[in-house]
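What follows is a set of notes on a single structure, which appears directly below.
The values are calculated or read from the model by the stated rules, or taken from the named source; none is laboratory data. Everything numeric in this text was worked out from a predicted model, so none of it was measured. Neighbour counts run over all protein chains shown; Cβ positions are idealised from the backbone, glycine included.
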Amino acid sequence: MSKPTSVLLLLIVLAALSFHGGQSRSLTLNNIDIHEVGDENERPTEKKKEEAAVVVLTQNNFTEFVNQNKYVMVNFYAPWCYWSRRLAPEYEAAAPMVAGEAVLAKVDASTENRLSYRYKVNGYPTVIFFVGGVRKEDYYSERTRGEIAKWVQKKVEEYGPRATITTEKEVEPVLVTASA
Ligand SMILES: *[C@@H]1O[C@H](CO)[C@@H](O)[C@H](O)[C@H]1NC(C)=O
C-alpha cells in the first residue's frame, strides 16, 4: 500500500466514524423529542382545568343548578351587546381559573325572559354571584379574567367553606366528626 492510499483510507475511516457520530447524535435528539412529547401528554390536571368551561343555563335548569352548586357566578348577557361580547372571552378564560371552587355560568338574557325578569336584569351584561341558590352580590369590578377569578375566590372565602354535600367522599368526614 502506498502512503497516499493509506492516508486516503484513514480519511475514509474518519469520515465513516464522524458520520456514525452524527447518526447517534440525531438518535439522541430523537429521544429527547419523544421524551418532550410524552411530557406534554402527562398533564392531566392542567388538561382537566382547560376543559372547565362556562356552563349554559336556561329557565329549565337554572334553579336546580344554582341550588346544587354552592358558588355560581351567572353572566346574564345579550349576544348582540357590545359589552357582553367584550366580556365573553375573559369570562370563558376565568372559568378554569376557579374550577373546583366555583362555577361560572351564563344565561342568554335576550331569550330567557323569565330569568331576566326574576333577577331584574335591565342592562347587559349583568353578572350575579349566587351562594346556595341565593343572589348575594352583583359583580361590578374589572371585566378581565384575572379580576373575575380573584373576586370569585375572595367571595368563596368570604361565604365560608363549601358546605354543600355532593359526593359520598364529602359525607364521610362529617360522619366521622359526628361519631367522635
Ligand atoms: C341547561 O339547558 C340548556 C338547554 O337545553 C343546555 O344547553 C345546558 O347544557 C343545560 N345546562 C345544564 C347545567 O344542564
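Some observations on this one:
- Leu104 closer than 14 Å to Lys150 by Cβ and either modelled with pLDDT of 95 or more or away from the ligand (no atom under 16 Å from the Cβ) (or both): yes
- Test: residue in the range 148-164 that is at pLDDT 95 or above, under 18 Å from Leu57 (Cβ atoms), in a helix (DSSP H, G or I) and not hydroxyl-bearing (Ser, Thr, Tyr): yes
- Output for the range 110-122, where each listed residue is surrounded by 11 or more Cβ atoms within 10 Å (Cβ to Cβ), farther than 16 Å from Asn60 by Cβ and free of Cβ contacts under 8 Å to residues at least 40 places away in the same chain: Ser110
- Within the range 75-87, tally of residues that are buried (at least 18 other Cβ atoms within 10 Å of the Cβ) and outside any loop (DSSP other than H, G, I, E, B): 5
- Counting only residues that are of a type outside the set (Asp, Glu) and assigned to a loop (DSSP other than H, G, I, E, B), the range 88-122 holds 11 of them.
- Top-ranked residue of the range 123-147 - restricted to ones that are assigned to a loop (DSSP other than H, G, I, E, B) and polar (S, T, N, Q), ranked as nearest to Leu104 (Cα to Cα): Thr144
- Filter pass, Ala94 being buried (at least 19 other Cβ atoms within 10 Å of the Cβ) and more than 16 Å from the ligand (Cβ to nearest atom): yes
- The set of residues in the range 95-136 that are in contact with a strand residue (DSSP E or B) (Cβ under 8 Å, 6 or more places away or on another chain) and closer than 12 Å to Val55 by Cα comprises Ala95, Ala102, Val103, Leu104, Ala105, Lys106, Val107, Asp108.
- Among the residues listed as Phe129, Phe65, the single one being among the aromatic types (Phe, Trp, Tyr) and within 14 Å of the ligand (Cβ to nearest atom): Phe65
One line per residue, one yes/no per condition, for (1) in contact (Cβ under 8 Å) with a residue 12 or more places away in the chain; (2) β-branched (Val, Ile, Thr); (3) on the phi > 0 side of the Ramachandran plot:
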{"position": "Phe76", "(1), (2), (3)": "yes, no, no"}
{"position": "Arg85", "(1), (2), (3)": "no, no, no"}
{"position": "Ala99", "(1), (2), (3)": "yes, no, no"}
{"position": "Val107", "(1), (2), (3)": "yes, yes, no"}
{"position": "Thr126", "(1), (2), (3)": "yes, yes, no"}
{"position": "Phe129", "(1), (2), (3)": "yes, no, no"}
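- Failed condition for Trp83, given (1) over 15 Å from Arg145 (Cα atoms); (2) at pLDDT 95 or above: (1)
- Residue in the range 62-72 that is in contact with a strand residue (DSSP E or B) (Cβ under 9 Å, 6 or more places away or on another chain), modelled with pLDDT under 95 and within 25 Å of Gly160 (Cα to Cα) present: no
- Condition met for Pro79 (farther than 21 Å from Glu64 by Cα and more than 16 Å from the ligand (Cβ to nearest atom)): no
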